[in-house]
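Everything below concerns the one structure shown next.
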Amino acid sequence: MAGQDILTVTPRVEALAALCKANSRIDPALYQEYDVKRGLRDINGEGVLAGLTNISDIISKKWIDGKLTPVDGELYYRGFNINDLVQGFMRDNRKGYEEVAYLLLFGELPDAKRLSDFKSLLAQGRTLPTNFVRDVVMKAPTHDMMNSLSRSVLTLASYDSNTDDISLPNVLRQCLMLISVFPMLAVYSYHAYNHYECGGSMYIHYPSDSLSTASNFLRMLRPDMQYTPLESSVLDIALVLHMEHGGGNNSSFTTHVVTSSGTDTYSAIAAALGSLKGPKHGGANFKVVQMFEDLKKRVSDQTDEAEVAGYLRKLLRREAFDQKGLIYGMGHAVYSISDPRAQVFKSFVGKLAKEKGREDDFALYSMVERLAPQVIAEERHIYKGVSANVDFYSGFVYSMLDLPPELYTPVFAMARIVGWSAHRLEELINTDKIIRPSYRCVQEHEPYMPLPER
């Protein structure tokens, strides 16, 4: 019976947790006294410069008339504006995930031949070891697809005869394989959960070599393997927009930190997955969807701006939804005026809403996007600018694509694995030093006391 204590939180464990809390709390004033950049951010919220990167750049402020001024956000992949990249492949009516992945990994846009060869390389990688789905994915189904992804990634290391070889060609091989199989791991993990835990039918559809990453994801997910061209295009855009976001985001920084220790690719990517799983990083889009569901229950007339604004005030006053005092999907640690990803996304969300017959929902999202900054300014006296971030619309898009909520964050991971791979390669190429930040110990020294005297 004693062993069962490990599986449950007993009064004994609660008491030990209280002891841990009492003896581990640090006086908040000490952080200011020692000028500690908590969260690697200064008192103004600016990120501490911890490294250099070629992979992506974020612009949210510019020097205007000698003053650093917030501006409409800009996002660059390898020096190319994200708007130009999206407009480029959309204008030619082609998918962009593979093309932008090539750009992030290799630092230049591919010509038609190199793009075709790269697509073939990814298609060849869309295969899992014999019986891997049965022995690993289906063995311990869970509602948490991110944990399932992490377990699968770490287990794949056991099938690799060169797991610990961190030479550039080998790491690139491993990264390309993981980029290829992430959609399969995510979808198959969901089907295993839906079958064994929810009683649904079990589907294992194989990917097609001729389809894009976005199309294959929808093909493998849906029982009938059917999807519309617009559905595939919008998911493809979502993957491109989530692929990378500056070197300073939590999961990319995690990739740099873990890579710097000299560990293998599977361990580094599993660590990044653990970071993205956190609700402060990758789980916000589902919170937006839940918030709107709560809004619909509490607001009788969803076309009444005054009533909707009243609900938003209740959110900020901790009187509605999860009582966290947040309007999910609004505001960003970097952007003030606008999130360029949200701006790109919104132009396609309306088209999908029309195809899905959800124009009323889109009108409601648009209204909240317009009202929320005003309400936040009035309630919180924040006038620096608050705008919708990419999560505000991505959850809505995923719901229109009929993606199960369990797959929202894995889809994020399916895109971000490209950015993580690029950052891992960059770290290996440019440094041989382990990242080791400094923590000042503020615990007073104590004389040792023998056990009988305590």
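Within region 13-33, identify whether any single residue is surrounded by 11 or more Cβ atoms within 10 Å (Cβ to Cβ) and part of a loop (DSSP other than H, G, I, E, B), and answer yes or no.
no
Across region 347-359, what is the number of residues that are without any contact (Cβ under 8 Å) to a residue 12 or more places away in the chain and either assigned to a helix (DSSP H, G or I) or not small (Gly, Ala, Ser) (or both)? First the steps, then the outcome.
Step one: list which residues in region 347-359 are without any contact (Cβ under 8 Å) to a residue 12 or more places away in the chain, which gives 347, 354, 357, 359.
Among the residues that remain, those that are also either assigned to a helix (DSSP H, G or I) or not small (Gly, Ala, Ser) (or both) are: 347, 354, 359.
The number of residues fulfilling the criteria is 3.
Check off (1) in contact with a Phe, Trp or Tyr (Cβ under 8 Å, 6 or more places away or on another chain); (2) farther than 30 Å from Ser347 by Cβ; (3) at pLDDT 95 or above for Val100 and give me the number that stays unchecked.
Of (1) in contact with a Phe, Trp or Tyr (Cβ under 8 Å, 6 or more places away or on another chain); (2) farther than 30 Å from Ser347 by Cβ; (3) at pLDDT 95 or above, only one is false for Val100: (2).
Being in a loop (DSSP other than H, G, I, E, B), in contact (Cβ under 8 Å) with a residue 12 or more places away in the chain and more than 23 Å from Ser158 (Cβ to Cβ) narrows it down to one residue among Ser201, Ser233; which is it? Please lay out each step first, then the result.
On the way: Ser233 fails: in a loop (DSSP other than H, G, I, E, B).
So the residue among Ser201, Ser233 that is in a loop (DSSP other than H, G, I, E, B), in contact (Cβ under 8 Å) with a residue 12 or more places away in the chain and more than 23 Å from Ser158 (Cβ to Cβ) is Ser201.
Being in contact (Cβ under 8 Å) with a residue 12 or more places away in the chain, in the same structural domain as Ser148 (by TED's automatic domain parsing) and part of a loop (DSSP other than H, G, I, E, B) narrows it down to one residue among His245, His332; which is it? First the steps, then the outcome.
On the way: His332 fails: in the same structural domain as Ser148 (by TED's automatic domain parsing).
Result of the check over His245, His332: His245.
Might you check whether a residue that is in a loop (DSSP other than H, G, I, E, B) and more than 16 Å from Met414 (Cα to Cα) occurs anywhere in region 167-180? It would help to see each step written out before you state the result.
Filtering region 167-180 down to residues in a loop (DSSP other than H, G, I, E, B) leaves 167.
Pick out the ones that are also more than 16 Å from Met414 (Cα to Cα) and you get 167.
Yes - at least one qualifying residue is present in region 167-180.
Does Gly39 satisfy being outside the structural domain of Asn216 (by TED's automatic domain parsing), surrounded by 10 or more Cβ atoms within 10 Å (Cβ to Cβ), closer than 30 Å to Gly385 by Cα and small (Gly, Ala, Ser)?
On the way: outside the structural domain of Asn216 (by TED's automatic domain parsing): yes; surrounded by 10 or more Cβ atoms within 10 Å (Cβ to Cβ): yes; closer than 30 Å to Gly385 by Cα: yes; small (Gly, Ala, Ser): yes.
In short, yes.
One residue is enough: does region 292-314 have a residue meeting the conditions touching a residue at least 24 places away in the same chain (Cβ under 8 Å) and within 22 Å of the chain's Cα centre (by Cα)?
yes
Being within 29 Å of Gly331 (Cβ to Cβ) and of a type in the set (Asp, Glu): is that true of Glu46 here? Spell out the reasoning first.
Values: within 29 Å of Gly331 (Cβ to Cβ): yes; of a type in the set (Asp, Glu): yes.
It is true that Glu46 is within 29 Å of Gly331 (Cβ to Cβ) and of a type in the set (Asp, Glu).
Keeping to region 248-271, report how many residues are part of a loop (DSSP other than H, G, I, E, B) and hydroxyl-bearing (Ser, Thr, Tyr).
So the first thing to find is which residues in region 248-271 are part of a loop (DSSP other than H, G, I, E, B), and the list is 248-249, 261-264.
Restricting the remaining residues to those that are hydroxyl-bearing (Ser, Thr, Tyr) gives 261, 263.
Qualifying residue count for the region: 2.
Any chance you could count how many residues in region 158-172 are surrounded by fewer than 16 Cβ atoms within 10 Å (Cβ to Cβ) and under 25 Å from Phe106 (Cβ atoms)? Let's see the steps before the verdict.
If we filter region 158-172 for residues that are surrounded by fewer than 16 Cβ atoms within 10 Å (Cβ to Cβ), which is where we start, we get 158-159, 161-162, 164-165, 167-169.
Next cut, under 25 Å from Phe106 (Cβ atoms) only: 162, 164-165, 167-169.
Final tally of qualifying residues: 6.
Among the numbered criteria (1) buried (at least 18 other Cβ atoms within 10 Å of the Cβ); (2) of a type in the set (A, V, I, L, M); (3) at pLDDT 95 or above, which one does Met138 miss?
Among (1) buried (at least 18 other Cβ atoms within 10 Å of the Cβ); (2) of a type in the set (A, V, I, L, M); (3) at pLDDT 95 or above, the lone unmet condition for Met138 is (3).
Does region 360-379 include one or more residues that are assigned to a loop (DSSP other than H, G, I, E, B) and either outside the structural domain of His245 (by TED's automatic domain parsing) or more than 23 Å from the chain's Cα centre (by Cα) (or both)? Don't jump to the end; show me each part of the working.
First, the residues of region 360-379 that are assigned to a loop (DSSP other than H, G, I, E, B): none.
No, the conditions are met nowhere in region 360-379.
Against the definition (touching a residue at least 40 places away in the same chain (Cβ under 8 Å), surrounded by fewer than 24 Cβ atoms within 10 Å (Cβ to Cβ) and part of a loop (DSSP other than H, G, I, E, B)), how does Val344 come out, yes or no? Can you show your working first?
Details: touching a residue at least 40 places away in the same chain (Cβ under 8 Å): yes; surrounded by fewer than 24 Cβ atoms within 10 Å (Cβ to Cβ): yes; part of a loop (DSSP other than H, G, I, E, B): no.
Here the answer is no, as Val344 does not meet what is asked.
What tally of residues in region 272-288 results from selecting those that are closer than 20 Å to Ser158 by Cα and surrounded by 19 or more Cβ atoms within 10 Å (Cβ to Cβ)? So that I can check it myself, show each step before the final result.
Start the filter on region 272-288 by keeping residues that are closer than 20 Å to Ser158 by Cα, which leaves 272-274.
With the extra rule that they be surrounded by 19 or more Cβ atoms within 10 Å (Cβ to Cβ), the set shrinks to 272-273.
Of the residues in that region, 2 qualify.
I'm checking my understanding of the structure. Among residues of region 430-451 that are surrounded by 10 or more Cβ atoms within 10 Å (Cβ to Cβ) and within 28 Å of the chain's Cα centre (by Cα), which one is farthest from Gly246 (Cα to Cα)?
Residue satisfying both the conditions and the ranking: Ile434.
The values are calculated or read from the model by the stated rules, or taken from the named source; none is laboratory data. Note that the coordinates shown come from a computational prediction; the quantities given were computed from them, not determined experimentally. Don't worry about glycine lacking a Cβ; one is built from the backbone with ideal geometry, like all the others, and counts go over all protein chains shown.
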